[in-house]
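Read-outs: derived from the displayed coordinates by stated rules, not from any lab. In this text the structure is predicted, and so the values were computed from the model without any measurement. So basically every Cβ, Gly included, is an ideal-geometry build from the backbone, and we count neighbours across all protein chains shown.
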Amino acid sequence: MSYEKVKMPKKCKVCGEDPTQRGFGGMYKNKKEDIKLAKEYCERTANSNQIIKPVWNECCGSLQYYSVTHQDNKKLLMKQKLKS
């Protein structure tokens, strides 16, 4: 495969996202592998009282950041019987 046929990613005109400035080209919502990696990362790093979700740019679909929210302390996360 020659380099002339490789499609180079372009800089987004709306947000200024330049995939050539990120390591490995960044992560994008339109790639199934990137969505899978982001979902696995959220599941792996979240504590029992956290919800982690990826936030994607609407214009180009690049990963902007991960949103971390805490669940209400009022919600019952786990019910356990105590041994007496």
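Some notes on this structure:
- Alpha-carbon gyration tensor eigenvalues x 5, square-rooted, for region 26-71, Å: 21, 12, 6
- Where labels lie 7 Å past Cα in the beta-carbon direction, separation of Tyr41 and Val14 in nm: 2.1
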